[in-house]
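The values are calculated or read from the model by the stated rules, or taken from the named source; none is laboratory data. If you're wondering where the values come from, they're calculated on a predicted model, not measured in any experiment. In this analysis, Cβ positions are derived from the backbone assuming ideal geometry, glycine residues included, and neighbour counts consider all displayed protein chains. Note: areas computed on protein heavy atoms with side chains; ligands, DNA, RNA excluded. Shrake-Rupley method; radii C 1.70, N 1.55, O 1.52, S 1.80 Å.
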Amino acid sequence: ALAAERTRPATHFSGTVHRVIAAVPGAVTLYDQNSDDSGVGVISTHFDDDFDSNDGYGADDFIVPAGHKWKIKEVEVAGAYGCPGCDGGPASSESVFFYKDRKGLPGKLIAECGAIKGQDNQGSFAIRLPKSCKVTLKGGKAYWVSVVATMSFNCCGEWNWETRNSQIENPAAWENPNRGDCRSWDVMTSCIGNYGEGPDFMFALKGADIVGED
């Protein structure tokens, strides 16, 4: 019965999300939609046990302004753990992915920063990208960021990425590559159904802004 419940993404309805803010020294806030909390989170988790068929991944888009070049050094997200009958968490690690835009959905993968242990405040992460994972984004283009927690469901439940009430640019995307209707990227709210979630995810990007370069 539990496996059947996982065929649709889990949500949580916590009243408080505990954010964590811990920028890399010298980094500036490049982009911020880590606000306007809807109170509902959507699963964005890679399960490293026998629940891996229920993996679900979220992504959201942003635009680098023309005349700028962004070097991403940290990603901050608001979220919360869910676990039937337990407190949930922690994640064993987090992974951050960056994609080009393709017709309003994530397209070609351009960077994968995996197995990072970010600062964790009850499911809200400040994820500092390692120097080995360089993410430089050109101006005048749209990109997508995806944050996925790696967890064992049997021990620790799942991670839910908090959604926001308002939408910026395209609506957030979601996929469950192993089962269900959204095996490739599609509009998150269409994949999820109506659980009260907002149209976008909560996240912020920090790093270096190089003005005068595209």
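Could you list, in sequence order, the residues of region 161-208 that are among the polar types (S, T, N, Q), under 13 Å from residue 57 (Cβ atoms) and crowded, with 18+ Cβ neighbours inside 10 Å?
Residue satisfying the conditions is 176 alone.
In region 98-114, is there at least one residue being of a type in the set (Lys, Arg) and at positive phi?
The initial filter retains those residues of region 98-114 that are of a type in the set (Lys, Arg), namely 100, 102-103, 108.
Filter once more, keeping what is at positive phi: 103.
Yes, some residue in region 98-114 is of a type in the set (Lys, Arg) and at positive phi.
Need the failing condition index for residue 25 against (1) open to solvent by 20 Å² or more (accessible area, probe 1.4 Å); (2) modelled with pLDDT under 85; (3) under 18 Å from the mean Cα position of the chain (by Cα); (4) not charged (D, E, K, R), just the number.
(3)
What residue, among those in region 165-197 that are touching a Phe, Trp or Tyr at 6+ places or on another chain (Cβ under 6 Å) and assigned to a helix (DSSP H, G or I), is modelled with the lowest pLDDT?
Only one residue fits best here, namely 191.
Can you give me the number of residues within region 32-49 that are open to solvent by less than 30 Å² (accessible area, probe 1.4 Å) and either of a type in the set (Lys, Arg) or closer than 17 Å to residue 148 by Cβ (or both)?
6
Looking only at strands (runs of 3 or more DSSP E) that fall completely inside region 62-109, which ones have 1 or more residues that are open to solvent by 60 Å² or more (accessible area, probe 1.4 Å) and either at pLDDT 95 or above or of a type in the set (Val, Ile, Thr) (or both)? Break it down into steps so the answer makes sense when it comes.
Working: elements: 68-77, 79-82, 93-102.
The strands (runs of 3 or more DSSP E) meeting that bar are 68-77, 93-102.
Could you tell me whether residue 52 is among the charged types (D, E, K, R), open to solvent by 20 Å² or more (accessible area, probe 1.4 Å) and at pLDDT below 90? Write out each step before concluding.
Values: among the charged types (D, E, K, R): yes; open to solvent by 20 Å² or more (accessible area, probe 1.4 Å): yes; at pLDDT below 90: yes.
Yes.
Looking at (1) surrounded by fewer than 15 Cβ atoms within 10 Å (Cβ to Cβ); (2) closer than 23 Å to residue 130 by Cβ; (3) at pLDDT below 90, which one does residue 4 not meet, given that it meets all the others?
Of the numbered conditions (1) surrounded by fewer than 15 Cβ atoms within 10 Å (Cβ to Cβ); (2) closer than 23 Å to residue 130 by Cβ; (3) at pLDDT below 90, the odd one out for residue 4 is (2).
Checking residue 157 against (1) open to solvent by less than 40 Å² (accessible area, probe 1.4 Å); (2) touching a Lys or Arg at 6+ places or on another chain (Cβ under 8 Å): exactly one of these is not met. Which one?
(2)
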